[in-house]
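> This is the structure, below, for whatever I ask next.
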Amino acid sequence: MKKVSSLMIVMLFLAFSMNTFAQEEKKESTEEVKTGWNLGALPVVSFDSDMGFQYGALSSIYNYGDGSRYPEFNHMLYFEASKFTKGSGILRFAYEGDQLIKGVRLNFDLGYMPDDAAAFYGYNGYESVYNADWEDQEATGYRSRMIYKHKRNLFRTYADFVGDLGIGKLQWSAGIGYYNFNIGSVDIAKFNEGKEGADVLPTVSDEPGLYENYIAWGLIPAAAAEGGSLVSLKAGLTYDSRDNRSNPNKGIWTETGLFYAPGFLGSGDEGFVKFYITHRQYFTVIKNRMTFAYRVGYQNTISGTAPWYAQTIMVQTANRSAFSEGLGGSRSIRGVLRNRVVGDGFAYGNFEARLKAIKFRFINQNFYIGINGFLDVGKAVSLIPIDATVASTAGADYFNIDSEAMHIGYGAGLKFVMNQNFIISVDYGMAAAAEDGTSGMYIGLNYLF
């Protein structure tokens, strides 16, 4: 009841604010149009419940040209070097713009994301049982804080292109990418440095984690247990009528296409093809003040066999996040454990009310503080096969076959926005079911979609 009450308070506040800000809208001064280069640089001191505290530095540099398209930008450059206290890190450069190649919007990303303790909760959502006591050092059934972890270092680079077809807002899209997954067991000795007594973690030999068990059971093929690489080729269509890319007030943004990873260009023998479709729509509730936005998406393997380590990839164009994985966590179902839902195919939805609560000017820049309430849902709709003998032998501690259902997270957040594009985001989400964790706080950049 406490979780539901908290969300109701937030939504009631949003509803009450609609009337207040409708009256204030008439008093607003015109926002200053930005031109040329504008820098947004910050030390990174953030928090993600799944990855810990983050520290480092990032910078977003926007070029608005002569300002005739503001808040649309000509070029955006993004740099980040940061580390999380739970073992993750980010080294990343990104570019977005439609002036480098005339008539074509380019999204380029180059990143290395090492993770000493990446989450792994098994396949097919609720079909894989999550036992919070096993990783809770204070619980009676405690086994290891790393029971649901493994090492995963990801190198990723891609270039996505979108261009007009000359048919209204319809566009073509294409892309090429490279992914390299370096995976293994958690380095327990590293995490035990400086630890004493009950804080010392058991070795994976004494207490195998879920990753080690999946290898032993054959659910992770031995040949792919340490990861692999793949080259991706994308082709599709996009419809885009948004009035602002970073924080639209109205419009539609829909994309669909195929994601092809040829076997002869990667570690897999067969290769695979995934179909994907994502629809986003934005409605103005109060002009320049309040927007309702939603996103629904679906992707599934339609040919070949995707390796287990590639099943977390959420296919989309114009990715503006270091981590774009599903489902669970800051970029898909907030409040639910990161990567809680891994399947051969999944569907998801995000529903969000966004209020620009306070607008002001500071250091010659346009700022606003926003409030958002949200509901996120998702489900594995095409399951990864789990051998019935394995499920029976391992028992109810690990598997609950045919139990997959909708995973739900909900909550609220704050946004601190400069010039409508540089967005610092704070979201707090709560899981509706204990099997998905409890809650999560996420501090990062940009709206979810």
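The values are calculated or read from the model by the stated rules, or taken from the named source; none is laboratory data. The structure presented is a predicted model; accordingly, all values stated were derived computationally and were not measured. Positions of Cβ are backbone-derived with ideal geometry, glycine not excepted, and every protein chain shown enters the neighbour counts. What goes into the accessible areas is simple: the full protein's heavy atoms, side chains included, and nothing from ligands, DNA or RNA. Shrake-Rupley method; radii C 1.70, N 1.55, O 1.52, S 1.80 Å.
> Most fluctuating residue of Gly429, Gly194, Gly251 in a GNM of the chain with Cα springs under 10 Å: which is it?
Most flexible of the set in this elastic network: Gly194.
> Give the residues of the stretch 339-362 whose amide nitrogen is closer than 20 Å to a point set 7 Å from the Cα of Val381 in the direction of its Cβ.
Hits in the stretch 339-362 for Val381 at 20 Å: 339-352.
> In nm, what is the difference between 0.36 nm times the number of residues separating Thr85 and Asp397 and their Cα-Cα distance?
Separation in residues times 0.36 nm, less the Cα-Cα distance, equals 109.3 nm.
> Also, quick follow-up: Using only the alpha carbon atoms of the stretch 215-328, find the Kirkwood hydrodynamic radius as the inverse mean reciprocal pair distance, in angstroms to one decimal.
16.2
> On to the next question. Roughly how many whole Å is it from the C-alpha centroid of the stretch 158-216 to that of the stretch 293-329?
The stretch 158-216 and the stretch 293-329 have Cα centres spaced 13 Å from each other.
> Right, another one. List every residue whose amide H lies under 5 Å from the amide H of Asp136, counting only residues 5 or more places away in sequence or on a different chain, with H placed 1.01 Å from N in the peptide plane.
Residues meeting the criterion, in which the H sits 1.01 Å from N, are Arg143.
> From the backbone phi of the stretch 68-85, what are the Karplus-calculated ³J(HN,Hα) couplings (6.51 cos²θ - 1.76 cosθ + 1.60, θ = phi - 60°) in whole Hz, Gly and Pro given as x?
5, 10, 3, x, 5, 10, 7, 9, 9, 10, 10, 10, 8, 9, 8, 9, 9, 5
> Further question: Which values, in whole Å and largest first, are the semi-axes of the equivalent ellipsoid of the chain obtained as the square root of 5 times each eigenvalue of the Cα gyration tensor?
37, 26, 21
> Along the Cα→Cβ direction, 7 angstrom out, place labels at Thr305 and Ile167. What is the inter-label distance in nm?
For the pair Thr305/Ile167, the computed spacing is 3.8 nm.
> A further question follows. How big is D for the stretch 102-246, in µm² s⁻¹ as a whole number, if Stokes-Einstein is applied with the Kirkwood radius of its Cα pairs at 25 °C and 0.890 mPa s?
Stokes-Einstein gives a translational diffusion coefficient of 132 µm²/s.
> Output needed for the stretch 205-264: three equivalent-ellipsoid semi-axes, defined as square roots of 5 times the C-alpha gyration tensor eigenvalues, in descending order, whole Å.
41, 18, 9
> Let me ask you something else. Would you mind getting the Kirkwood hydrodynamic radius of the stretch 47-148 from its Cα pairs, rounded to one decimal in Å?
17.1
> Okay, next question. Ignoring ligands, DNA and RNA, what accessible area per residue does the chain give at 1.4 Å, in Å²?
Solvent-accessible surface per residue comes out at 43 Å².
> Taking a probe of 1.4 angstrom, what is the accessible area of Leu219 in Å², to the nearest 10?
Spelled out: Leu219, probe radius 1.4 Å, area about 20 Å².
> May I ask you to derive the relative contact order of the chain, considering only C-alpha pairs under 8 Å and at least 6 residues apart, and to give it as an integer percent?
Over the chain, the number comes to 13 percent.
> With all protein chains present, how much of the accessible area of the stretch 143-250 (probe radius 1.4 Å) comes from carbon and sulfur, to the nearest whole percent?
The nonpolar share, carbon plus sulfur, comes to 54 percent.
> Still on this model: Taking Cα pairs under 8 Å and at least six residues apart, what relative contact order does the stretch 328-384 come out at, in percent?
Computed value for the stretch 328-384: 40 percent relative contact order.
> How far, in degrees from 0 to 90, does helix 2-24 lean away from the longest principal axis of the Cα atoms of the chain, to the nearest 10?
10
> What does the charge add up to near Ile220, with Lys and Arg as +1, Asp and Glu as -1, over the other residues with Cβ less than 13 Å from its Cβ?
Overall, the nearby charge balance is -2.
> Further question: Taking N as the number of residues in the stretch 260-322, what value does Rg over Cα atoms divided by 2.2 N^0.38 Å take?
1.59
> Please work out the FRET efficiency for the pair Gln137 and Val104, using the Cβ-Cβ distance as r and a Förster radius of 60 Å; give the result to the nearest 0.05.
After rounding, the FRET efficiency stands at 0.70.
> Can you give the FRET efficiency for Asp269 and Val33, using 1/(1 + (r/R0)^6), R0 = 51 Å, r = Cβ-Cβ distance, to the nearest 0.05?
0.40
> Same structure again: Loop-only GluC sites (Glu not before Pro) in the stretch 88-145, please: DSSP not H, G, I, E or B, and at most 13 other Cβ atoms within 10 Å.
Passing sites in the stretch 88-145 are Glu138.
> Where in the stretch 187-220 is the amide nitrogen less than 17 Å from a point lying 7 Å along the Cα-to-Cβ axis of Thr389?
214-220
> For the stretch 305-449, compute the orientation-averaged projected area of the C-alpha convex hull (one quarter of its surface), in nm².
Seen from a random direction, the Cα hull of the stretch 305-449 projects 9.8 nm² on average.
> Another question, if that's okay. Name the longest site-free stretch of the chain, where the excluded sites are trypsin sites (Lys or Arg not before Pro) in a DSSP loop with no more than 14 other beta-carbon atoms within 10 Å.
288-449
> Rounded to the nearest percent, how much of the accessible area of the stretch 329-385 (1.4 Å probe, protein heavy atoms only) is carbon and sulfur?
Answer for the stretch 329-385 is 70 percent, counting heavy atoms of protein chains only.
> Here are some pairs, Lys83/Lys379; Lys149/Lys190; Lys149/Lys234; Lys102/Lys415; which of them have Cα atoms lying more than 22 Å apart in this structure?
Lys83/Lys379; Lys149/Lys234; Lys102/Lys415
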